[in-house]
Each structure stands twice: as C-alpha cells, then as structure tokens.
Amino acid sequence: MHDPASPSTQGKTLRTTQSLLQAGLISHDDQKALEAVAQRYATAIPPAFQKLITSANDPIGLQVVPSSHELEIQPHEDSDPIGDDALSPVPGIVHRYEDRALLKPLLICPLYCRFCFRREHVGPDGGLLSDEALETAFRWIEEHPQIKEIILTGGDPLMLSPRRMRHIMERLSSIAHIEIIRIHTRVPIATPERITTELLNALETDRALWLVVHTNHARELTQDVRAAVKAILCRGIPILSQSVLLRGVNDTTAALENLFRSLISMRIKPYYLHHLDSAPGTAHFHVPVEEGRALLESLRGRVSGLIWPTYVVDIPGGKGKVPLGPDYLLPLQNEPKEAQSEPQRRVRSPDGKQYPFT
Ligand code: SF4
C-alpha cells in the first residue's frame with residue numbers, strides 16, 4: 001500500500017561509473033578517467049536527483065556526478081577541514097561547543113555531494129555505530145550535564161531504519177538535560193520517499209525537535225520534496241535549511257533568491273549559507289569570500305529578513321563557525337583631537353548610502 005506520507009519516487013540509485021555511463025551522464029572517455037575518482041570517493045545519485053539532471057554540468061549534475069577535478073588536490077585542502085576528529089571524546093561524538101554536541105550514528109548518505117566536507121569519511125560502508133558504541137555515546141552525553149542540544153548528523157541520520165531512529169530518539173529523550181534535538185539531513189530533498197509514516201512516528205519526542213535540510217538549488221524542491229516537507233511540518237517539526245555557496249550551482253543573485261524564496265514558501269527558514277570548506281578536490285566549487293559577501297549584499301533589501309540566511313564559515317581546525325557578513329556598521333571614524341567629541345558611528349543602508357548612528 002502506498003504510504004500517504006511518502007512520495008512514490010522509483011528506480012535505482014546510480015553508484016558506479018558503469019551506471020553513470022548507461023544513464024548518459026558521462027562518456028566512455030570520462031568513465032576511464034573517473035574510475036580513479038570513484039575508487040576514492042563514494043558516488044550515489046538517487047532517482048529523485050537523476051530526474052533533475054539535464055547534464056553533468058548543470059546545477060544538479062555538478063553536485064553529484066563525479067568529476068576529474070576531484071583529483072586536483074590543493075596544498076591548503078584538508079581531509080578533516082572542520083576538525084571533527086580532534087574533538088571526538090568517544091566514537092560518534094564531536095564536542096566543539098560547551099552546550100551542544102554532534103552525534104554521528106552512521107556515515108551513509110542518500111547521495112554523495114562532490115563538495116562534501118566529510119568526503120574522506122562518508123560512504124555506503126561507513127561508520128554505522130554498533131549498539132555498544134551508540135550506548136557509550138549516550139553515556140558520554142549523560143555524564144556531561146552542560147550539553148543541552150544534540151545535533152544528529154553523519155552521514156545522514158534519516159538513512160537509519162525507523163526502528164534504530166526510534167531507539168536514538170527515545171534514548172536521547174530519556175536524558176534529563178537534553179532540551180533540543182536537531183537532525184541534519186538531505187533525505188527529504190534527495191530521497192523524499194524515505195519520509196514515511198513509520199519514520200515520522202519514530203521521531204516522536206517531548207524535546208524541541210528541529211530538522212535542518214541541506215539543499216543548494218531551487219530545482220531540488222520538487223512536488224515530491226514539498227509533499228515530504230509538508231508531512232514533516234504536519235508533525236509540528238520546524239524546518240531550517242542550510243546551503244553551500246558553490247561555483248556553477250548557486251553563485252548568482254538570481255539562483256540564491258530563487259532558492260531562498262522557494263524555501264520560505266514551503267515554510268522552511270533559510271538558516272545558513274556556508275562558505276565552502278576546504279575538503280580535498282573541491283577547489284572547482286570555491287567562491288571567494290568577497291564574492292559571497294557581495295552576493296548576500298545584493299539580496300539585502302531585495303528579500304525580507306526572514307528569507308536572508310547567515311553567511312558562515314567553519315574556521316579550519318575545529319575553531320568554530322562564524323558569520324562572514326556583509327557588515328553594515330562601519331568602523332568608527334577618526335575625529336580631529338581638538339574637536340573633543342565622541343567618534344561618530346555610521347551605518348550603511350542596503351543601497352550603499354551611509355548614515356550617522358548613535
Ligand atoms: S549529504 Fe551531507 S554528509 Fe552526505 S555527502 Fe552531502 S554534504 Fe556530505
């Protein structure tokens with residue numbers, strides 16, 4: 001019987017260069033070159049994404065079809081660009097900030113983004129925590145009462161079976177000091193058919209549950225995705241989005257505006273626009289920070305504050321996430337000493353004019 005919460009996307013996920021060739025996404029010549037990429041980094045293109053790709057170089061294809069550029073490693077690139085490994089007290093836990101921690105129950109994703117910051121770790125065979133390891137992670141959380149929020153990430157937690165997901169939600173909900181559970185996921189976008197009534201039932205909790213979906217282009221937000229999002233929202237689970245600023249995918253004012261407007265129309269609040277992390281072989285997606293700030297600035301005033309996300313970077317080495325602007329409060333102006341007056345503060349309006357501000 002068809003699950004009313006689950007759209008009916010059918011077909012096979014493409015995982016090999018041979019299947020990419022058969023699907024017409026790469027040529028015979030590409031296949032030879034891309035074998036080396038496929039050996040190093042996982043590939044998965046689920047049916048919902050396959051339908052959207054018109055060529056390997058369109059905004060959807062670029063995100064998921066392997067490219068020979070991925071073997072061009074730059075000196076500054078790092079296999080663990082945001083420093084998860086050094087901040088992991090027990091397997092599956094990353095503790096970067098005082099009041100919150102990541103819990104990574106698996107490293108499997110519904111698709112494998114070619115720009116992923118965890119690309120050296122994620123994959124179809126990857127990192128499913130055993131029952132014992134998961135229990136050790138829960139005990140570590142219990143022993144740290146300063147942790148108020150758990151961010152379930154991975155991989156993608158919604159790739160777990162409903163049974164396993166229910167266990168995680170119940171166990172986290174049994175820890176008195178956990179107030180917020182956040183799930184970072186690409187599943188509602190990449191494999192909306194996984195959002196079943198059974199999976200939604202497994203997410204039941206008396207804590208504040210938030211979902212953060214990863215999406216980078218308005219074309220990803222199909223009718224099936226909208227149905228899956230609606231089913232999640234109907235459970236009273238609020239949804240935020242995070243996107244990565246990517247060359248060739250969403251590096252224009254029009255593409256970003258379209259993405260953020262589409263999200264808000266679905267009742268998803270655009271939350272973060274990430275500056276690309278320097279994972280190996282991702283330089284072809286890099287958009288300089290000055291360009292990123294200018295893009296955000298081009299949207300200011302054009303879209304409402306509800307639509308405008310925060311442009312952020314994870315400081316390499318696990319030093320934390322910070323906003324990159326643009327800034328509207330200008331540096332204090334130097335006044336002549338004899339004036340004996342307070343230096344004057346000035347702000348910039350969205351159209352670039354400056355005004356005094358006290
Ligand atoms: S869904 Fe997230 S973790 Fe998985 S490959 Fe994409 S960016 Fe990486």
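The values are calculated or read from the model by the stated rules, or taken from the named source; none is laboratory data. This one's a predicted model, so the numbers in the text were calculated from it and none came from an experiment. Because the Cβ atoms are built from the backbone with ideal geometry, glycine has one as well, and the counts that use them run over all protein chains shown.
Given the structure, is residue 176 surrounded by fewer than 22 Cβ atoms within 10 Å (Cβ to Cβ) and farther than 26 Å from residue 65 by Cα? Full working, then the answer.
On the way: surrounded by fewer than 22 Cβ atoms within 10 Å (Cβ to Cβ): yes; farther than 26 Å from residue 65 by Cα: yes.
Yes: the conditions hold for residue 176.
Scanning the stretch 306-327 for residues that are in a loop (DSSP other than H, G, I, E, B) and at pLDDT below 95 turns up 316, 317, 318, 319, 325, 326, 327.
Just to be sure before I move on: is residue 139 among the basic types (Lys, Arg) and in contact (Cβ under 8 Å) with a residue 12 or more places away in the chain in the structure I sent?
Details: among the basic types (Lys, Arg): yes; in contact (Cβ under 8 Å) with a residue 12 or more places away in the chain: no.
Spelling it out, it is not the case that residue 139 is among the basic types (Lys, Arg) and in contact (Cβ under 8 Å) with a residue 12 or more places away in the chain.
Assuming residue 102 fulfils every condition listed in (1) in contact with a strand residue (DSSP E or B) (Cβ under 6 Å, 6 or more places away or on another chain); (2) near the ligand (Cβ under 10 Å from one of its atoms); (3) not charged (D, E, K, R) apart from one, which condition is it? Condition (2) is where residue 102 drops out.
Working only within the stretch 202-220, note down all residues that are in a loop (DSSP other than H, G, I, E, B) and within 14 Å of the ligand (Cβ to nearest atom).
Let us first name the residues in the stretch 202-220 that are in a loop (DSSP other than H, G, I, E, B), namely 203-207, 215-217.
Result: 215, 216, 217.
All conditions but one from (1) under 14 Å from the mean Cα position of the chain (by Cα); (2) part of a helix (DSSP H, G or I) apply to residue 134; the one that does not is (1). The residue of the stretch 146-155 that is farthest from the ligand (Cβ to nearest atom), among those that are under 13 Å from residue 208 (Cα atoms) and surrounded by fewer than 22 Cβ atoms within 10 Å (Cβ to Cβ), is 148.
Of these, 60, 53, which one is of a type in the set (A, V, I, L, M), under 18 Å from residue 12 (Cβ atoms) and within 19 Å of the chain's Cα centre (by Cα)?
Values: 53 fails: within 19 Å of the chain's Cα centre (by Cα).
Just one listed residue meets the conditions, 60.
Report yes if residue 23 is surrounded by fewer than 20 Cβ atoms within 10 Å (Cβ to Cβ) and out of contact with any Gly (no Cβ under 8 Å at 6 or more places or on another chain), otherwise no.
Numbers: surrounded by fewer than 20 Cβ atoms within 10 Å (Cβ to Cβ): yes; out of contact with any Gly (no Cβ under 8 Å at 6 or more places or on another chain): yes.
Yes; evaluated as a whole, the condition is true for this residue.
For beta carbons closer than 6 Å, sequence separation of 6+ or different chains, a first residue in the stretch 113-131 that is within 14 Å of residue 103 (Cα to Cα) and a second that is more than 7 Å from the ligand (Cβ to nearest atom), the qualifying pairs are 127/106; 127/107; 128/106; 129/92; 129/105.
Identify, from the list 122, 90, the residue that is buried (at least 18 other Cβ atoms within 10 Å of the Cβ) and aliphatic (A, V, I, L, M).
On the way: 90 fails: buried (at least 18 other Cβ atoms within 10 Å of the Cβ).
Going through 122, 90 in turn, just one is buried (at least 18 other Cβ atoms within 10 Å of the Cβ) and aliphatic (A, V, I, L, M): 122.
So that you can scan it fast, the table gives a plain yes or no per residue for (1) surrounded by 13 or more Cβ atoms within 10 Å (Cβ to Cβ); (2) over 24 Å from the mean Cα position of the chain (by Cα); (3) without any contact (Cβ under 8 Å) to a residue 60 or more places away in the chain; (4) more than 28 Å from residue 239 (Cα to Cα):
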{"position": "274", "(1), (2), (3), (4)": "yes, no, yes, no"}
{"position": "278", "(1), (2), (3), (4)": "yes, no, no, no"}
{"position": "284", "(1), (2), (3), (4)": "yes, no, no, yes"}
{"position": "313", "(1), (2), (3), (4)": "yes, no, yes, no"}
{"position": "318", "(1), (2), (3), (4)": "yes, no, no, no"}
{"position": "321", "(1), (2), (3), (4)": "yes, no, yes, no"}
{"position": "352", "(1), (2), (3), (4)": "no, yes, yes, yes"}
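The condition (being at pLDDT 95 or above, assigned to a helix (DSSP H, G or I) and either within 16 Å of the ligand (Cβ to nearest atom) or under 15 Å from the mean Cα position of the chain (by Cα) (or both)) is satisfied by just one residue among 199, 158: 158.
Given the criteria under 20 Å from residue 280 (Cβ atoms), among the charged types (D, E, K, R), in contact with a helix residue (DSSP H, G or I) (Cβ under 8 Å, 6 or more places away or on another chain) and within 16 Å of the ligand (Cβ to nearest atom), does residue 114 qualify? Considered against the rule, which asks whether it is under 20 Å from residue 280 (Cβ atoms), among the charged types (D, E, K, R), in contact with a helix residue (DSSP H, G or I) (Cβ under 8 Å, 6 or more places away or on another chain) and within 16 Å of the ligand (Cβ to nearest atom), residue 114 comes out as yes. Please find, within the stretch 175-196, the residue that is nearest to the ligand (Cβ to nearest atom) out of those that are part of a loop (DSSP other than H, G, I, E, B) and more than 13 Å from residue 214 (Cβ to Cβ). Result: 195. The sole residue among 235, 186, 207, 226 that is in contact with a Ser or Thr (Cβ under 8 Å, 6 or more places away or on another chain) and either outside the structural domain of residue 148 (by TED's automatic domain parsing) or farther than 20 Å from residue 137 by Cβ (or both) is 186. Only residues that are more than 25 Å from residue 183 (Cα to Cα) and part of a helix (DSSP H, G or I): list them for the stretch 258-284, please. Result: 283, 284.
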